[in-house]
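Participant: Following this message is one structure expressed as structure tokens.
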Amino acid sequence: MANSDYELLEPDRSLGDLVSQLMREIGDLITAHISLAKAELKQEVSKAGQGAGLLGGGAAAALVAAVMLAMAAAWGLAEIMAPGWAFLIIAVVVGALAVILMMAGRRRMQEVDPVPRETLVEIEKDKEWLTRQSN
């Protein structure tokens, strides 16, 4: 190819102008990555909040159930069996409910990913692009 095949888009720009523009664009790129990381982290914090809410709900339900159901059901069962056994049976049922709710909350908490994966992928792509440009 001859030199005439290549046209400079802005032939009158100085090297300083080009470097300045490159620095601005890199700054914009970094800002975009920070915004993406913030969005990802916000989403993960929301998941963590939901998981914490489930755990709190499980604990509150366990407490309410332990107080109300244990007293009412145990006294009801005590009419047909020894009070000690009645209270033990009710305690096991309330405990099982608490375990189920807490396991659901724990599962939700395990879904939380604190690493901004999309941002890391974008940064890796940019790093590869910059490496290709410098060669």
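The values are calculated or read from the model by the stated rules, or taken from the named source; none is laboratory data. Computed from a predicted model, the values in this text were never measured in an experiment. Neighbour counts run over all protein chains shown; Cβ positions are idealised from the backbone, glycine included. Each accessible area value is taken on the protein alone, full model and side chains, heavy atoms only, with ligands, DNA and RNA left out. Shrake-Rupley method; radii C 1.70, N 1.55, O 1.52, S 1.80 Å.
Participant: Put +1 on the Cβ of each Lys and Arg and -1 on the Cβ of each Asp and Glu in the chain; which of ALA62, GLN110, ALA73 then has its Cα farthest toward the positive end of the dipole?
Facilitator: Checked the options; the winner is ALA73.
Participant: Sticking with the crude label model, points 7 Å out along Cα→Cβ, report the distance from GLN43 to ILE89 in nm, one decimal please.
Facilitator: So the two model labels end up 5.0 nm from each other.
Participant: Please say if the stretch 17-61 is rounded, prolate or oblate, where rounded means a/c under 1.5 for a ≥ b ≥ c the square roots of the C-alpha gyration tensor eigenvalues, and otherwise the choice is prolate for a/b larger than b/c and oblate otherwise?
Facilitator: Numbers: a/c = 11.74, a/b = 9.84, b/c = 1.19.
It comes out prolate by the Cα gyration axes.
Participant: Further, regarding this structure: What's the FRET efficiency of MET103 with THR31 using the Cβ-Cβ distance as r and R₀ = 41 Å, to the nearest 0.05? Each step should come with its number before you reach the end.
Facilitator: On the way: r = 41 Å, r/R0 = 1.01.
Calculated value: 0.50.
Participant: Read through the labelled values [x] 26.5, 95; [y] 15.4, 57; [z] 31.1, 104 and report the label of the one computed as Rg and Dmax of the Cα atoms in Å from the structure.
Facilitator: Computing Rg and Dmax of the Cα atoms in Å and matching it to [x] 26.5, 95; [y] 15.4, 57; [z] 31.1, 104 gives [z].
Participant: Next question. At 1.4 Å probe radius, can you tell me the per residue accessible area of the chain in Å²?
Facilitator: Numbers: 10300 Å² over 135 residues.
That works out to 76 Å² for each residue.
Participant: Okay, moving on. What FRET efficiency do you get for LEU18 and GLU124 if R0 is 35 Å and r is their Cβ-Cβ distance, rounded to the nearest 0.05? Before the final figure, lay out each step's value.
Facilitator: Details: r = 25 Å, r/R0 = 0.73.
FRET efficiency, LEU18 to GLU124: 0.85.
Participant: While we're on this one: Given contacts defined as C-alpha pairs under 8 Å and at least six residues apart, what's the relative contact order of the chain, whole-number percent?
Facilitator: 34
Participant: To continue, here is another question. At 0.36 nm per residue, minus the direct Cα-Cα distance, what do ARG132 and MET68 gain on full extension? Give it in nm, one decimal, please. Mind showing how you got there, number by number?
Facilitator: On the way: separation 64, 0.36 × 64 = 23.04 nm, distance 6.86 nm.
Between ARG132 and MET68, full extension yields 16.2 nm more.
Participant: How big is the accessible area of LYS127 in square angstrom, nearest 10, if you roll a 1.4 angstrom probe over the protein chains?
Facilitator: 110
Participant: OK, next. Expressed as a whole percentage, what fraction of the accessible surface of the chain belongs to carbon and sulfur atoms when a 1.4 Å probe is rolled over the protein heavy atoms? Working shown, then result.
Facilitator: Numbers: 6940 of 10300 Å².
That share works out to 67 percent.
Participant: Next question. With loop defined by DSSP as not H, G, I, E or B, and exposure as at most 13 other Cβ atoms within 10 Å, which is the longest segment of the chain clear of exposed GluC sites (Glu not before Pro)? Before the final figure, lay out the partial values.
Facilitator: Values: sites that count: GLU7, GLU79, GLU111.
Within the chain, the longest run free of exposed GluC sites (Glu not before Pro) spans 8-78.
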